[in-house]
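Peer 1: Here you go, one structure.
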Amino acid sequence: MIELVRTDSGNQDFAELVFLLDAELHVRDGDDHSFFAQFNKIDAIKQVVVAYQDEQPVGCGAFKPFSFGVAEVKRMFVQPEFRGLGIAGQILQELESWASELDFKHLVLETGKAMPEAIRLYTKSGYEVIPNYGQYANIETSVCMKKELQLENASR
């Protein structure tokens, strides 16, 4: 049973999971890692979800405001031994619900071509590839995606 906890970037379990994520990305990104790392600071992120199994932190994700009505998904990670169990999808759904509650209309994200499992997750979750944005505009190894959210407040 997975428990999802909403928190912020001050959460120690989140910080430890991000440390593991950065170590994995350093290997996957190779020489490009320092370029991407500069855009992944976590100190000011207010919306973080940490997934726990038996009180052990096993995964995380976050989002931050990007532009008016748009938030950016950041720091998605599941520990390798817990992958393939649907945990990342649960984290992503919780992030989407939370963003919707805060009246964001879209989520955007950047992932890498070296992360095919992430691309599959996002595609399966309804994200569509868009032109690379911002600092990723001319980065051939980046894949940017976007999803329109169903607003929680729409039925009120």
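Peer 1: Return the long-range amide H neighbours of VAL58 (sequence gap of 5 or more, or a different chain), with a cut-off of under 5 Å between placed amide H atoms.
Peer 2: For VAL58, the qualifying residues are ALA51, TYR52, GLN53.
Peer 1: Now for a separate question. Shape call for the stretch 69-156 from the C-alpha gyration tensor, a ≥ b ≥ c root eigenvalues: rounded (a/c under 1.5), prolate (a/b greater than b/c) or oblate?
Peer 2: The shape class here is oblate.
Peer 1: Same structure again: Sum up the charges of everything whose Cβ sits under 12 Å from the Cβ of ILE87, counting Lys and Arg as +1 and Asp and Glu as -1, but leave ILE87 out.
Peer 2: -2
Peer 1: Right, something else. Report the residue, chosen from SER142, SER67, SER100, that carries the largest GNM mean-square fluctuation when the chain is represented by alpha-carbon nodes joined by springs under 10 Å.
Peer 2: In the Gaussian network model the winner is SER67.
Peer 1: If you take the charge dipole of the stretch 41-148 about its Cα centre, with +1 on Lys and Arg Cβ and -1 on Asp and Glu Cβ, which of PHE66, TYR136, ALA118 is farthest toward its positive end?
Peer 2: TYR136
Peer 1: Also, I was wondering about something else. Which residue, GLU110, GLU140, GLU101, has the most motion in a Gaussian network model of the chain that connects Cα atoms within less than 10 Å?
Peer 2: Taking springs between Cα atoms under 10 Å, the residue moving most is GLU140.
Peer 1: Determine the relative contact order of the chain: mean sequence separation of Cα pairs under 8 Å and six or more apart, normalised by residue count, in whole percent.
Peer 2: Contact order relative to length: 20 percent.
Peer 1: With helices defined as uninterrupted DSSP H runs, which ones in the chain have an alpha carbon span along their own long axis of at least 24 Å and mean Kyte-Doolittle hydropathy of at least 1.0?
Peer 2: Qualifying helices, which must be both long enough and hydrophobic enough, do not occur.
Peer 1: OK, next. With a/c under 1.5 counting as rounded, go ahead and sort the stretch 2-155 into rounded, prolate or oblate using the C-alpha gyration tensor (a ≥ b ≥ c being the square roots of the eigenvalues; past the cut-off, prolate if a/b is larger than b/c, else oblate).
Peer 2: It is rounded, given that a/c, with a ≥ b ≥ c, falls under 1.5.
All of the numbers you see were taken from the coordinates with simple rules; none came from a lab. Everything quoted here is computed from the prediction, not taken from an experiment. With ideal geometry, Cβ positions are generated from the backbone for all residues, glycine too; neighbour counts draw on all protein chains shown.
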